[in-house]
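Just below is one structure, and these are the notes that go with it.
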Amino acid sequence: MRFFKGFLLSVLMMAFMVFPVYAAETIKIGAILAVTGPASFLGAPEANTLKMLADEINSKGGIKGRKIELIIKDSGANPEKAISFAKQLIEEERVFAIIGPSTSGETLKIKNICEKGKTICISCAAAEKIVNPVAKYVFKTPQKDSFAARKIFMQMQKMGIKKIGVVVGNTGFGKAGKAQLEKLAPEYGIDIIISEVYDKKATDLTALVTKLKAKGVEAVVNWSIVPAQAIIAKNMRQIGLNVPLFQSHGFGNIKYVKAAGAAAEGIIFPAGRLLVADVLPDDHPQKPVLMKYKRDYESRFKEEASTFGGHAYDAFMILVTAIEKAGFDKEKVRDAIENLKGFVGTGGIFNFSPTDHNGLDIDSFEMLTVKNGRFVLLEQK
Amino acid sequence: MSTELFFQYIAAGLTYGFIYAIVAIGFNIIYNTTGIINFAQGEFVMLGSMTAITLNAFMPLPLAILLSVLITMIVGAIMEMLFFRWLESPTVLRMIIITIGLSIIIREIALAIWGENVRALPYFTGNEVTSVSIFGAHISPQVLWVIGICSIVVVALQMFFKFTRYGRQMRACAANREAARLCGINAKNMVTLSFVLSAGIGALAGCVVSPITYSQYNMGVPLAIKGFTVAILGGLGNSMAAVAGGLVLGILESFSVWIMPSAYKDAISIAILLLILFFRPGGLFGRKEELALKEF
């Protein structure tokens, strides 16, 4: 019996010694995503997208003959968890690169950790601070949030709107949006005559929209997530405040349109082109990428593709493209990402440079609106 | 301020007030028979509306609401039988802590069943943009539904407690449990009945407010906090007082938005609650002596 135990132990030890040899043939890619928790609307489609892409690439033989080993960590949008997962992925798992995190708060917390660990991090979060100031190893794929505000103001100029009301939920997202809007409004000659914050758990906002009505605003900008972004739309229409309602790029999920029902009609918001992939002109350079991603995602997961999953798609494919160009050396891959030009992703056409680790310009946003319960391009309406 | 706007703020206040009130009524029934605050009341509201939304996919709305109210009542009964009935010395503190634990468990189970998606029942009449015009103010027909159902529940409860045998037995338990037992009333059954009633009213509240507020696994907490505030404000244990308390708070909140940034809306309601607790601990419409009878 003792012999048997000893035998078993030695077999186990051998297995452990042998294992890394097999592991060396794969390439480890870590991901820190908010699969559950308050930001699951970001993290869940992102995680699905990564799994789908890894399977697809592995079934074709991997990258340059090496299979991808995907390690997804669910942070639940908790920055503390993101920090410990980042350390674990860099120090213990020794991953080649990290995709994510899903939220800006988490990304800012792990920015320095990735810098110190010399590990590439391609974030799926929006905040401009992630890439400004530029950190050597940190990139991001979603459009900068200031673009969303600029795009809204440009649209207002076109419509001749001068006096607006800004209402935001009391979340990090809402407050950041309010700051951007207030900073950029003067540049476009737009006057914010009332600016209000409401509780993110508000059950009804009739009193607030009454106040907006009393001030005589010509348009309303709302910066929040569900359910408030649907409640504000309903309450505005119910009390007969019939001015244009602009929402943030956070409105980019058809589920939110369903939640707001008839009140969603005519809401204007900036978003990437994924939501309107099927109505894009056929010669648009992004059309093939968008249609493929949308079809693949929707047939596999039986739910509508969202722009958020698209951010993970871009992050992953940028990394894969860079590895294919530069091989398996982390430093060379980092340089390859920094010099990547004309990469067509779901978010837009990426042109990275040493000073721009986002690579997207303002045209990556399109103004969309809701018509008959579907997203359409505003100009097509 | 024009009269039209004035009435619009009143309409907003009515909306808030009746949403709070219909949640608050549920607190009172359990409080009346056991002297405890059921912190899982918000979860009854959530369960009711989420169940109705799920059922509504298979059946017409009235039937879905009826079934979901029944299902939530059964959940309430099971809850009481599993966690409260066998308690040897049911002190108030002990029972309150059990309700807090239960609220967390129900919430987590709901998260596992329904996920984090935001859903809603359809508007009972009209749709998201319909409104009725009264004195120049616009109000959603759903608010009228809330007001109507809330009134029916209040009247029905008054009748139940005054004129039915079980209602009178429940009141007897509330007044003096020992004496009620000596008269041959099964006090334990009365407690179960109070949980069933509370669960049913909570579920009905959840269904009727769902089109306005939306439903999510964690919707119960903020609603329960406001409902609790209103129940205390009016005077615990009295449904009419809860409605009055709801209206006072709702209208104050609504007008506070007119004068101050809306970010302070909740701070104002809590400040009012504190003032009332300092100066009228029994609530606006409650009597101090009545409160002293309870163990609380």
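Nothing in this text is a laboratory measurement; each read-out follows from the coordinates by a stated rule. Being a predicted model, the structure only gives us computed values, none of them experimental. A quick note on method: Cβ atoms are made from the backbone with ideal geometry, for glycine too, and the neighbour counts reach across all protein chains shown.
The table below lists the values:
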| item | result |
| --- | --- |
| Segment A:109-132 residues near the modelled A:Phe301 label - backbone nitrogen below 19 Å, point 7 Å along Cα→Cβ | A:122-126 |
| Value of relative contact order over segment B:3-293, rounded to a whole percent, pairs C-alpha under 8 Å and six or more apart | 37 |
| Segment A:303-381-segment A:161-221 distance, computed between alpha-carbon centres (Å) | 29 |
| Relative exposure of B:Leu67, B:Leu277, judged by other C-beta atoms within 10 Å (fewest first) | B:Leu277, B:Leu67 |
| Relative contact order (%) - chain A, alpha-carbon pairs under 8 angstrom, separation at least six | 16 |
| Potential extension, A:Glu91-A:Ala262 segment - 0.36 nm per residue separation minus Cα distance | 56.4 nm |
| Per-residue Cβ neighbour rank within 10 angstrom, fewest leading, A:Glu92, B:Glu128 | A:Glu92, B:Glu128 |
| Fraction of antiparallel bridges per DSSP, chain A only, in percent to nearest 5 | 25 |
| Residue order, fewest to most surrounding Cβ atoms within 10 angstrom, among A:Asp283, A:Asp363, A:Asp356 | A:Asp283, A:Asp363, A:Asp356 |
| 27 Å Cα-Cα threshold exceeded, pairs from A:Lys178/A:Lys211; A:Lys28/A:Lys111; A:Lys213/B:Lys265; A:Lys109/A:Lys144; A:Lys158/A:Lys201; A:Lys64/A:Lys341 | A:Lys158/A:Lys201 |
| Antiparallel DSSP beta bridges within the protein assembly as shown, as percent of all bridges there, nearest 5 | 35 |
| Segment A:106-145: relative contact order as a whole-number percent, Cα under 8 Å and 6+ apart | 42 |
| Label-point separation in nm, B:Ala175 to A:Glu324, each point 7 Å along Cα→Cβ | 8.4 |
| Disulfide-incompatible cysteines by the Cβ rule (no partner under 4.7 Å) in chain A | A:Cys124 |
